[in-house]
Amino acid sequence: MNQRDFFMPAPQSAAEPRRAPQMRRFDVCNGDADGLCAVLQWRLQQPLPATLITGLKRDIELLRQVPVLAGEIAGPLEVLVCDLSMQRNLPALQQLLAMGAQVHYFDHHGFALMPAHPGLHAHLDSRSNTCSSLLMDRYLQGRWRDWALVGAYGDNLLAVADALALASGINERDRGLLRQLGEAINYNAYGETLADVLISPTALYGKLARFQDPLQALQQEPVLQQLLSLKSDDLRKARTLTPFWQDGHASLLILPDEPWTRRVSGCLANSLVQSDPQRAHAVLRSDPQGGHRVSVRAPLDAPAGADELCRQFGGGGRVAAAGIDHLPVARLQPFIEAFAVQHWGQRARAA
């Protein structure tokens, strides 16, 4: 008998039942507060083993990273998707559905096409007063409300989150702490590469997932206090800059190309629109192609139009908050001209 024969398993008895293939689960989400907090709620409700696939804020087409699409795994598959544009992930979604996957999809970005498939369980709402964490909260009937509020605060839905927190009996001090946590998690999602941020979104999720209570996480997890301190320093530096262009209705700021500006861009845009709610705000920083990455916020008092503006320049996003991955230098002036005449809040008034 040779060595190969010696290690071969005995043939399975005809009477021995076959084991059912093991279910593989993947949680796929944006690495900002909204995406991570939506997944947290789901896994607190369903504490089953799952592999997390996430990334920085502008890592949108993450669904194609599910290993089954590369033939690396087989068997039954369940995929949770949170806070990722369905349009940007449509090819991978269609492949997963064709392979028999059960896909639960929670998202608040605009969409033009949704596959009609029994394996797709979609919870989509692109109105400006919701986010993926709140959609998850609605689905789970408020079971993990505090984490939903962290996601909403991080997504700059301050009035919506405050109203829901008040209705849930959460006092002013705790509302402030939940907001701090949401904004810190969101701040950590911005950067050109993982070298720009304090901790990868994947590692941050692992630390957050240890806690059912987000206030306990804020008190006991040291990295969260580090994020708050770093965010405060970056915002202080950003507030010393003057706008590149502004008028009575809009303001545009161009950041220098430094690690701190790559971290603070989204958080700064949210801060600007909160402090100056009647203006639209655009925050630009250099991108690797020699142009600009753009974050746009519609006026808080008329929260619609950001996605329309950005789509004119190859970008996209939500009605109140959108972006452009690459704005060539030659298109900066046309962007400013379009930004200056954009009609904000039209869809919000028509709704």
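The values are calculated or read from the model by the stated rules, or taken from the named source; none is laboratory data. Keep in mind it's a predicted model, so treat the numbers as computed, not measured. Cβ: placed from backbone, ideal geometry, glycine included. Neighbour counts: every protein chain shown. Just the protein is used for accessible areas: all its heavy atoms, side chains included, with ligands, DNA and RNA removed. Shrake-Rupley method; radii C 1.70, N 1.55, O 1.52, S 1.80 Å.
Each Lys and Arg Cβ is given +1 and each Asp and Glu Cβ -1; about its Cα centre, region 282-351 then shows a dipole of about 100 debye.
Over region 127-195, all Cα pairs binned in 10 Å intervals from 0 give whole-percent P(r) values of 22, 52, 21, 5, 0, listed from short to long. Based on C-alpha pairs under 8 angstrom that are at least 6 apart in sequence, region 93-252 has a relative contact order of 14 percent. The calculated FRET efficiency for Trp245 paired with Gln225, based on their beta-carbon distance and R0 = 41 Å, is about 0.65. Converting the Cα gyration tensor eigenvalues of region 110-250 into ellipsoid dimensions via √(5λ) gives semi-axes, longest first, of 26, 22, 18 Å. If I ignore ligands, DNA and RNA and count only protein heavy atoms, how much of Val223 is accessible to a 1.4 Å probe, in Å² to the nearest 10? Here the accessible area works out near 10 Å².
Using Cα pairs closer than 8 Å and at least 6 residues apart in sequence, work out the relative contact order for region 224-280, in percent. So the answer I get is 33 percent.
Calculate how steeply helix 259-275 sits against the longest principal axis of the alpha-carbon atoms of the chain, using the helix alpha-carbon long axis, and give the answer as 0 to 90 degrees to the nearest 10. In the chain, helix 259-275 runs at an angle near 60 degrees to the longest axis. Between Ala116 and Ser275, the contour length at 0.36 nm per residue exceeds the alpha carbon distance by 53.0 nm.
Looking at Ala161, Gly119, Ala50, which one has the Cα that reaches farthest to the positive end of the dipole of the chain (charges on Cβ: Lys, Arg +1; Asp, Glu -1)? With unit charges placed on the Cβ atoms, the residue in question is Gly119. Rounded to the nearest 500, the helix-only mean residue ellipticity at 222 nm of the chain stands at -12000 deg cm²/dmol, with each DSSP H run of n ≥ 4 adding -39,500 (n - 2.57).
For the chain, averaging the sequence separation of C-alpha pairs within contact (under 8 Å, six or more residues apart) and dividing by the residue count gives a relative contact order of 13 percent. Each pair of Cα atoms in the chain enters the Kirkwood radius, and Stokes-Einstein at 25 °C and 0.890 mPa s then converts it into a translational diffusion coefficient of 115 µm²/s. For helix 332-341, report the angle its Cα long axis makes with the longest principal axis of the Cα atoms of the chain; keep it between 0 and 90° and round to the nearest 10°. With rounding to tens, the tilt is 70 degrees. Pairing the Cα long axis of helix 145-154 with the longest principal axis of the chain, what angle in degrees results, from 0 to 90 and rounded to the nearest 10? The answer is roughly 50 degrees. Of the beta bridges in region 242-336, as assigned by DSSP with both residues counted there, near 75 percent are antiparallel. Overall, the accessible surface of region 172-303 at a probe of 1.4 angstrom is composed of carbon and sulfur to the extent of 48 percent.
Among the protein heavy atoms, those of Met86 account for about 0 Å² of accessible surface (1.4 Å probe, every chain in place).
Using a probe of 1.4 Å on the protein chains alone, the accessible area found for Trp147 is around 0 Å². Charged side chains reduced to their Cβ positions (Lys and Arg at +1, Asp and Glu at -1) give the chain a dipole of some 240 debye around its Cα centre. Our estimate of slack between Ala167 and Ala340, defined as 0.36 nm per intervening residue step minus the Cα-Cα distance, is 58.5 nm. Assuming a ≥ b ≥ c are the square roots of the Cα gyration tensor eigenvalues, decide whether region 235-333 counts as rounded (a/c under 1.5), prolate (otherwise, with a/b larger than b/c) or oblate. In terms of gyration-tensor shape, oblate. Largest GNM mean-square fluctuation among Gly100, Gly154, Gly317, using the chain with Cα springs under 10 Å: Gly100.
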